[in-house]
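First up is the structure itself, then whatever we jot down about it.
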Amino acid sequence: MKRLVLSAVLAVSMLAAPVMASDTIRLGTEGAYAPYNYFDDSGKIAGYEIDLGNAICKKAGLTCEWVVNEWDSIIPNLIAGNYDGIMAGMSITDERKKTINFSDEYYPVAPSLYAAAAGHKVDLSALKGKKIGVQGATVQAAFAEQHYAADNTILSFETFDQSVADLMAGNIDVLLADGDPLTSVVEGSKGALVFVGDGVAIGGGVAIGLRKKDVELAKKLNSALAALKSDGTVDKLIKKYFEKGPFYSK
Amino acid sequence: MFETLQQTAFVQDIIILAKPALFNLYFALASIPMGFPFAVLLAIGKASPNRLFSLVSRGYIYAFRGSPLFIQFFMCYSIMLALNQSVWKPLGINHIMLHPLFLGPFVLVLNTSAYAAEIFYGALKTVPKGEVEAAQAYGMSRWNVFRIVTWPNMLRLAWPAYTNEMVFLFHATTLVYFTLPVINEQKDLMNKASELFERDYNVFLHFSVAALYFLLISIFIFWLAGLMQKHLNRHITGEKVRLFFKPRYLR
Amino acid sequence: MLESVITQITQWLGEDAGASLAYITNGKHMAWYASVRYTLIAAVGGAVCAVLFGLTGAALKQSSFLPFKWIGDFYTTIVRGVPDVLFILFFPLAFEKTVEFVLARFTCSSESLAVATGWPPCDAAQWYLRTGDYLTMACVSLGIVYGAFAANVIHGAMQAVPKGQLEAASAYGFTPKQVFWRFRVRQMWIYALPGLSNVWMLLLKATSLLSLLQIADIVQWAGRLGSANYFPGVGLVHPDWRWKYYFVLFLFFILMTMLSERFFEMLQRRASRGMALVESN
């Protein structure tokens, strides 16, 4: 019986073995964070990070494969080995650095912003008794927990889209989120949503999340990224998706 | 050395997960008192000779038994959200309606009452005809026939299956925070166990402790319901009523 | 083909109808419809596993050898005391870790084992999970959970097989093993069918949980499609439409339940051909 189980396990692993070809890397993303990553109308994963990731892989001579994973388990599943890197608008933070490694940044630090329904008075300097929305397991969630949890209610949502839906429906007073996705929402809401107060800088730039032990891979990706930064490809993509920049080319 | 470490981690988990377990208990305990009368009404509706009542009850029971609770949760939350600006806000009850501590039990009641109604309906159909006829022959009013004959019989017949349903309901509480926003530190067993897992990737420890809580509380529900079963069957002599944990498997 | 249909519809019913039809047949929606396959595969695969686990469980419960009986009872009791969600989340994680543990035993050099800090200890022991792997494991998890339910149904059905038939069989000189497989198991299906149909309905509804295993199933796509979009680059700009998509899923599962009922009624009729003793209830 024991031998049977063992051989079954081995058979499964044989099936899995060819997957680990060394020149393919698998990148994890969320698919719900426009313009970083999203599903376009043809049902394909698209966005700034998809274009950039493919460019990086091409430069580094690797084949890229995209894996869509929900945000709240995106780091555990990197460590469990379902993919080799995370490109999902993830900011560099000290907390995350304890468990994973980061490549060099591919999008500079952008302030996190607050949004509220138009005409809804919110005084950021004296938040009290308000419902504050964040996406769970983000830098903004940690920030809100630290600064507002004592006097306010914090609602954490599985996805960014859900938090926006609750803001639009008036179930939360303020939404604290990453500046760029929030900007596209506020601009697209045709005046229904407005920014409140100034943003806060939380966390570092956006970078590829990697397992700590994959030092070689990090080097490879970093040199490809550096080449793309200096030849202007990164800035071109940022211009295309965010209408900002240039940041990296001289 | 390793053994003791594991042991303390185990004990620690038991302590950490005690509060989240209360949330699962809360969701179940808040749903049962509402779900029970609603289910009885639906069962009577389904058995009613009135075509309209019967049709509505049948449709409701079929729909909520025929679709997954997971979808019902998503659907109810998004509908509640869509109604927020136009209905809940003007009424001033928006904070209650969208709160998981209200909405969770609300959806659970919608769901469990359909299942329980089917159980009670089945029991209503098997209430001994002779007893009802005897009561009618005594000249009892319809209300008295129901109160004195039909109701206690139905309850007694339905009780084992209803016990089972309560355990299913308790297990279904795990879905609340997979679908609704988490407020502050209000987390249930699955939620907290996943969170602990994401911290140290110890699969076996955290989920086992959560499973242990579910198992113990399930056994407790079976035991408590067994006492009630004994009470309901107190007039029946001869037949020995099993008090023990004997789970049924069909929902 | 599709485009010509859309142009036709636009001509007949006007711009709005054409645009709506174009929208609900775009690639994103097609991906949603296509993702039904995961639900169906998981349901059918899960059902096959559940029957296998159910037969094993019932055979164990039936066993006169006490430790086997205890294992059977333990299995059905544990599964009944723990929510299915917990199993569906826990089993793939635990299985992956176990496989990697065994792989590490065989493939990692002892040096790499000694210095390893993370998991798994070396790259060769890494098991990359894809949708197919997750789907297989989802089938097995569903099989374990609903197999316990099926085990109970099958166990009960085996008891319902008339004793006389079994006695007659052994009187004819069939061995106990033959009596078990050729008479008890063959005959019990008819008694087990109503219960198994109930287990199938539970299993079908549990397939809605696939998204928890990172499978892009109908629930996942409904969320993606329904979420409000404010960014023209992504596609049609629209407010939060999630409740509509979830309502479609609600109806979809009710429809599946109806079809399953019809199917099991047919099975029951076929199975009871030549049998005089089956009551309708």
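Bear in mind that the values in this text are calculations on the coordinates, not laboratory data. Predicted model, so just to flag it, every value in this text is computed and none were measured. Cβ sites come from the backbone with ideal geometry, for glycine too, and all protein chains shown count toward neighbours.
The mean count of C-beta atoms from other chains within 10 Å of the C-beta of residues in C:23-32, rounded to a whole number, is 3. When chain C is treated as a GNM with alpha-carbon contacts under 10 Å, the residue of C:Gly54, C:Gly156, C:Gly18 showing the greatest mean-square fluctuation is C:Gly18.
Springs between Cα atoms under 10 Å define the GNM used for chain C, and in it the highest mean-square fluctuation of C:Thr56, C:Thr76, C:Thr131 occurs at C:Thr131. Reported to the nearest whole Å, the Cα centre-to-centre distance from the stretch C:130-150 to the stretch B:120-141 is 45.
Report the relative contact order of chain B, percent, no decimals, based on alpha-carbon pairs under 8 angstrom and at least 6 residues apart.
The value is 27 percent.
With a 10 Å cut-off around each Cβ of C:83-93, the average count of Cβ atoms from other chains is 6.
Measure nothing fancy, just the Cα-based angle from helix C:242-271's long axis to the longest principal axis of chain C, in degrees from 0 to 90, nearest 10. Relative to chain C, helix C:242-271 is tipped by roughly 30 degrees. Going by a ≥ b ≥ c, the root eigenvalues of the Cα gyration tensor, does the stretch B:102-251 fall in the rounded group (a/c under 1.5), the prolate group (a/b larger than b/c) or the oblate group? It is prolate, given that a/c is not under 1.5 and a/b is the larger ratio.
Scanning chain C for chymotrypsin sites (Phe, Trp or Tyr not before Pro) that sit in a DSSP loop and have at most 10 other Cβ atoms within 10 Å, the longest stretch containing none of them is C:173-281. For a modelled paramagnetic label at C:Asp123, 7 Å from Cα along Cα-to-Cβ, no residue of the stretch A:56-86 is in reach, as no backbone nitrogen comes under 12 Å.
In this structure, the residue pairs whose Cα-Cα separation is over 22 Å, taken from A:Lys131/B:Lys187; C:Lys28/C:Lys244; A:Lys58/A:Lys239; B:Lys89/C:Lys205; A:Lys131/C:Lys28; A:Lys58/A:Lys240, are B:Lys89/C:Lys205; A:Lys131/C:Lys28. The angle between the Cα long axis of helix A:233-242 and the main principal axis of chain A comes to about 40°, on a 0 to 90 degree scale.
One Cα centroid belongs to the stretch B:84-98, the other to the stretch C:1-54; the line between them spans 35 Å. For the protein assembly as shown, the calculated P(r), taken from all Cα-Cα distances in 20 Å bins from zero up to the bin holding the longest distance, is 14, 45, 32, 9, 1, 0 percent. Straight Cα distances below 22 angstrom link A:Lys244 to the lysines A:Lys190, A:Lys229, A:Lys236, with same-chain residues fewer than 8 positions distant left out. Averaging the Cα positions of each part gives two centres, and for the stretch A:173-250 and the stretch C:57-126 these lie 41 Å apart. Divide the volume of the convex hull around the Cα atoms of chain C by the residue count and you get 232 Å³ per residue. Do the sum for chain B: with -39,500 (n - 2.57) for every DSSP H run of n ≥ 4, divided by all residues, what is the mean residue ellipticity at 222 nm, to the nearest 500 deg cm²/dmol? Using -39500 (n - 2.57) per qualifying helix, the result is -24500 deg cm²/dmol. Comparing C:Ile41, C:Ile24, C:Ile154 in a Gaussian network model of chain C, where Cα atoms under 10 Å apart are tied by springs, the biggest mean-square fluctuation is seen for C:Ile24.
Taking a ≥ b ≥ c as the square roots of the eigenvalues of the Cα gyration tensor of the stretch B:2-232, is the shape rounded (a/c under 1.5), prolate (a/b larger than b/c) or oblate?
Since a/c reaches 1.5 but b/c is at least a/b, the shape of the stretch B:2-232 is classed as oblate.
DSSP loop GluC sites (Glu not before Pro) in the stretch B:151-199 with at most 12 other Cβ atoms within 10 Å of their Cβ, which ones? When the GluC sites (Glu not before Pro) of the stretch B:151-199 are filtered for loop state and at most 12 Cβ neighbours within 10 Å, B:Glu185 remain.
Mind checking the angle between helix A:48-60 and chain A's longest principal axis? C-alpha axes, 0 to 90 degrees, to the nearest 10. Taking the Cα atoms of chain A, the angle to A:48-60 is about 30 degrees.
Normalising the average separation of contacting C-alpha pairs (under 8 angstrom, six or more residues apart) by the number of residues puts the relative contact order of chain C at 22 percent.
May I ask you to list the lysines whose Cα is less than 19 Å away from that of B:Lys192, ignoring any residue fewer than eight positions away on the same chain? Within reach: B:Lys19.
List the relative contact order of the stretch C:1-140 as a percent without decimals, with contacts defined as Cα pairs under 8 Å and 6+ residues apart. Please list the in-between numbers first.
Values: 77 pairs, mean separation 31.5, N = 140.
Worked out over the stretch C:1-140, it gives 22 percent.
Across peptide A:42-49, how many C-beta atoms of other chains are within 10 Å of each residue C-beta, on average?
Values: counts 6, 14, 3, 0, 3, 3, 0, 0.
Average neighbour count from other chains, rounded to a whole number: 4.
Listed by chain and number, the aspartates and glutamates whose C-alpha is less than 13 Å from the C-alpha of A:Lys213, apart from same-chain residues fewer than 8 away, are A:Asp84, C:Asp123.
Unpaired Cys in chain C, meaning no second Cys C-beta under 4.7 Å: C:Cys49, C:Cys139. For the pair C:Leu13 and A:Lys121, label points projected 7 Å from Cα toward Cβ lie 4.9 nm apart.
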